[in-house]
Amino acid sequence: MSLLPVEDALSRLLAAARPIAETEQVLLHEANGRVLAADLMARLTQPPFDASAMDGYALRAEDAAEVGSILTVVGESAAGHGFSGTVASSEAVRIFTGAPVPAGADSILLQEDAEKLEGDRIRTNFPVTKGRHIRPRGQDFAEGDVALSQGIRLDFSHLTLAAAMNHAELPVFRRPRVAILATGDELVSPGTAPGPSQIIGSNTFGIAALARDNGAEVIDLGIVADNRDLLLKAIERARSSGVDVLVTLGGASVGDHDLVQSTLVSAGMELDFWRIAMRPGKPLMVGRLDGVQVLGLPGNPVSSLVCGLLFLEPLLCNLGHRRPPRRLSTAKLGHALPANDKRQDYVRARLLSYAEAMPVVESFGKQDSSMMRIFSQSDCLIIRPPHAPAANAGETVPVMLLRV
């Protein structure tokens with residue numbers, strides 16, 4: 001099988017994915033980051049009455065059109081405690097921000113523009129304009145208005161609006177469910193003393209974090225040894241859990257000890273492709289097992305994370321009705337790069353300067369796919385297309401931002 005270009009691999013992966021149609025109701029305080037599954041209509045009008053926007057005096061504009069007008073204060077209107085009477089000629093009501101504007105009043109005189117006189121009288125020190133400092137009923141929204149549309153990824157502002165619209169629960173799309181299966185006799189969990197020929201299995205935690213960052217629920221199937229029976233049991237656990245995506249880590253190639261691909265095929269997986277023209281990350285596997293999308297990521301940590309960014313992230317965004325993060329950008333090379341071969345290269349790099357309109361990028365000298373410390377220190381990946389010619393310092397190159 002020839003190596004598949006990255007763009008073709010991503011297109012084939014997403015073509016087989018359908019956005020999740022299932023919805024659920026969640027409490028308002030649990031809806032942050034979820035995707036709204038239906039248009040949301042206001043259940044009331046906001047504000048529900050003409051309200052004062054300032055502290056001052058509610059009055060009739062015709063009674064205070066000129067500076068020096070004298071009015072009698074006949075009552076008070078506060079938030080939650082409105083004035084029940086009607087403002088008549090040459091009368092005013094002391095009013096506070098958010099309080100209902102009394103019947104008969106059509107304007108607000110700011111408290112600093114009123115001079116208190118003896119008794120219950122005030123003198124105006126500023127001309128009043130009709131409608132000034134009044135928030136009209138329904139200024140924000142009216143009952144029945146669609147104020148939030150289906151497909152919005154809910155954030156703090158949307159939740160505040162939904163609450164004001166009198167919704168205690170919201171309809172949202174079900175989150176994608178992702179099962180993660182790490183494989184390999186050599187792997188042990190963090191916190192365990194590795195034996196001879198063993199290493200710590202770290203990929204699961206980065207891939208799980210990436211999945212959660214993109215709205216998924218994660219089921220950790222743990223580390224499974226290179227054993228067909230154990231692998232089949234783990235695959236069955238993923239199936240019975242009702243997952244949308246099964247991510248395997250390692251063992252997706254066809255070496256003597258790489259059992260994941262063949263075991264999945266024996267379990268019924270339809271293999272689509274498994275070799276990508278990219279570095280790091282060539283042995284990426286894509287297939288379908290019943291209704292489950294299978295994504296086999298390489299075992300090397302950096303390869304696994306790069307493939308996760310390139311393939312798992314857009315897959316989960318597709319399934320979960322989310323817009324993928326804007327990771328693609330450009331930068332100016334701080335040094336020369338050699339010509340590239342037939343595989344698309346993703347070079348770990350740092351952004352050094354934002355002093356100019358375009359940041360300067362400099363790659364790390366070593367790019368071995370097992371070196372996680374360099375990856376954690378990187379700001380981006382320089383993208384080198386297949387057969388890209390040598391690039392000189394100062395040239396513009398595409399980059400993939402790691403933190404957005």
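What about residue 194, is it in contact with a helix residue (DSSP H, G or I) (Cβ under 7 Å, 6 or more places away or on another chain) and either closer than 27 Å to residue 261 by Cα or surrounded by 14 or more Cβ atoms within 10 Å (Cβ to Cβ) (or both)? Reasoning before the result, please.
Details: in contact with a helix residue (DSSP H, G or I) (Cβ under 7 Å, 6 or more places away or on another chain): no; either closer than 27 Å to residue 261 by Cα or surrounded by 14 or more Cβ atoms within 10 Å (Cβ to Cβ) (or both): yes.
It is false that residue 194 is in contact with a helix residue (DSSP H, G or I) (Cβ under 7 Å, 6 or more places away or on another chain) and either closer than 27 Å to residue 261 by Cα or surrounded by 14 or more Cβ atoms within 10 Å (Cβ to Cβ) (or both).
Yes or no: residue 21 in contact with a strand residue (DSSP E or B) (Cβ under 9 Å, 6 or more places away or on another chain), assigned to a loop (DSSP other than H, G, I, E, B) and surrounded by 14 or more Cβ atoms within 10 Å (Cβ to Cβ)? Write out each step before concluding.
On the way: in contact with a strand residue (DSSP E or B) (Cβ under 9 Å, 6 or more places away or on another chain): yes; assigned to a loop (DSSP other than H, G, I, E, B): yes; surrounded by 14 or more Cβ atoms within 10 Å (Cβ to Cβ): no.
Spelling it out, it is not the case that residue 21 is in contact with a strand residue (DSSP E or B) (Cβ under 9 Å, 6 or more places away or on another chain), assigned to a loop (DSSP other than H, G, I, E, B) and surrounded by 14 or more Cβ atoms within 10 Å (Cβ to Cβ).
Can you say whether residue 297 is touching a residue at least 24 places away in the same chain (Cβ under 8 Å), under 30 Å from residue 35 (Cα atoms) and in contact with a Gly (Cβ under 9 Å, 6 or more places away or on another chain), as far as the supplied structure shows? Even if it seems obvious, please write down each step before you answer.
Numbers: touching a residue at least 24 places away in the same chain (Cβ under 8 Å): yes; under 30 Å from residue 35 (Cα atoms): yes; in contact with a Gly (Cβ under 9 Å, 6 or more places away or on another chain): yes.
Judged against the criteria, residue 297 is a match.
Matching residues to (1) at positive phi; (2) surrounded by 18 or more Cβ atoms within 10 Å (Cβ to Cβ); (3) in contact (Cβ under 8 Å) with a residue 40 or more places away in the chain:
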position: 322; (1), (2), (3): no, yes, yes
position: 329; (1), (2), (3): no, no, yes
position: 333; (1), (2), (3): no, yes, yes
position: 366; (1), (2), (3): no, no, no
position: 372; (1), (2), (3): no, no, yes
position: 390; (1), (2), (3): no, no, yes
position: 398; (1), (2), (3): no, no, yes
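Identify, by number, the condition in (1) in contact with a Phe, Trp or Tyr (Cβ under 9 Å, 6 or more places away or on another chain); (2) surrounded by 16 or more Cβ atoms within 10 Å (Cβ to Cβ); (3) of a type in the set (Gly, Ala, Ser) that residue 103 doesn't meet.
So residue 103 meets the others, but not (2).
Restricting to the stretch 165-185, what's the tally of residues that are surrounded by fewer than 17 Cβ atoms within 10 Å (Cβ to Cβ) and either hydroxyl-bearing (Ser, Thr, Tyr) or more than 16 Å from residue 147 (Cα to Cα) (or both)?
Initially, the stretch 165-185 is screened for residues surrounded by fewer than 17 Cβ atoms within 10 Å (Cβ to Cβ), giving 166, 168-169, 185.
Okay, now just the ones that are also either hydroxyl-bearing (Ser, Thr, Tyr) or more than 16 Å from residue 147 (Cα to Cα) (or both), so 185.
Within the stretch 165-185, residues that are surrounded by fewer than 17 Cβ atoms within 10 Å (Cβ to Cβ) and either hydroxyl-bearing (Ser, Thr, Tyr) or more than 16 Å from residue 147 (Cα to Cα) (or both) number 1.
Only one of these is more than 30 Å from residue 39 (Cα to Cα), of a type outside the set (D, E, K, R) and out of contact with any helix residue (DSSP H, G or I) (no Cβ under 7 Å at 6 or more places or on another chain): 154, 109, 71. Name it.
On the way: 154 fails: more than 30 Å from residue 39 (Cα to Cα); 71 fails: out of contact with any helix residue (DSSP H, G or I) (no Cβ under 7 Å at 6 or more places or on another chain).
Unique residue meeting the criteria: 109.
Kindly provide the set of residues from the stretch 89-100 that are of a type in the set (Val, Ile, Thr) and either surrounded by fewer than 20 Cβ atoms within 10 Å (Cβ to Cβ) or touching a residue at least 60 places away in the same chain (Cβ under 8 Å) (or both), ordered by number.
The one that is of a type in the set (Val, Ile, Thr) and either surrounded by fewer than 20 Cβ atoms within 10 Å (Cβ to Cβ) or touching a residue at least 60 places away in the same chain (Cβ under 8 Å) (or both): 97.
Just to check your reading of the model, which residue among 282, 332 is in the same structural domain as residue 361 (by TED's automatic domain parsing) and among the basic types (Lys, Arg)? Give the derivation first.
Working: 282 fails: in the same structural domain as residue 361 (by TED's automatic domain parsing).
Testing whether each residue is in the same structural domain as residue 361 (by TED's automatic domain parsing) and among the basic types (Lys, Arg) leaves just 332.
Which residue, of 248, 204, is out of contact with any helix residue (DSSP H, G or I) (no Cβ under 7 Å at 6 or more places or on another chain), β-branched (Val, Ile, Thr) and farther than 30 Å from residue 150 by Cα?
204
Which residues, counting only those in the stretch 278-295, are in a loop (DSSP other than H, G, I, E, B) and either closer than 23 Å to residue 243 by Cα or over 26 Å from the mean Cα position of the chain (by Cα) (or both)? Lay out the reasoning, then the answer.
The initial filter retains those residues of the stretch 278-295 that are in a loop (DSSP other than H, G, I, E, B), namely 280-284, 290-291.
Within the stretch 278-295, 280, 282, 283, 284, 290, 291 meet the criteria.
Having 1 or more residues that are under 25 Å from residue 217 (Cβ atoms) is the bar; report the helices (runs of 4 or more DSSP H) wholly within the stretch 296-399 that clear it.
Working: elements: 301-307, 313-319, 372-377.
By residue number, 301-307, 313-319.
Please state which of the following conditions residue 85 fails to meet, knowing it meets all the rest: (1) over 24 Å from residue 66 (Cβ atoms); (2) at pLDDT below 95; (3) not aliphatic (A, V, I, L, M).
Among (1) over 24 Å from residue 66 (Cβ atoms); (2) at pLDDT below 95; (3) not aliphatic (A, V, I, L, M), residue 85 violates only (2).
Any residue that is outside the structural domain of residue 214 (by TED's automatic domain parsing), in a strand (DSSP E or B) and over 18 Å from residue 116 (Cα atoms) - is there at least one of those in the stretch 60-78? Explain how you work it out, then say what you get.
Just the residues of the stretch 60-78 that are outside the structural domain of residue 214 (by TED's automatic domain parsing), to begin with: 60-78.
Checking which are in a strand (DSSP E or B) leaves us with 70-78.
Keeping just the survivors that are over 18 Å from residue 116 (Cα atoms) gives 78.
The answer is yes; a qualifying residue exists.
Could you tell me how many of the residues in the stretch 106-154 are farther than 17 Å from residue 42 by Cα, in contact (Cβ under 8 Å) with a residue 12 or more places away in the chain and in a strand (DSSP E or B)?
12
The values are calculated or read from the model by the stated rules, or taken from the named source; none is laboratory data. This one's a predicted model, so the numbers in the text were calculated from it and none came from an experiment. FYI the Cβ positions are ideal-geometry reconstructions off the backbone, even for glycines, and counts take in every protein chain you see.
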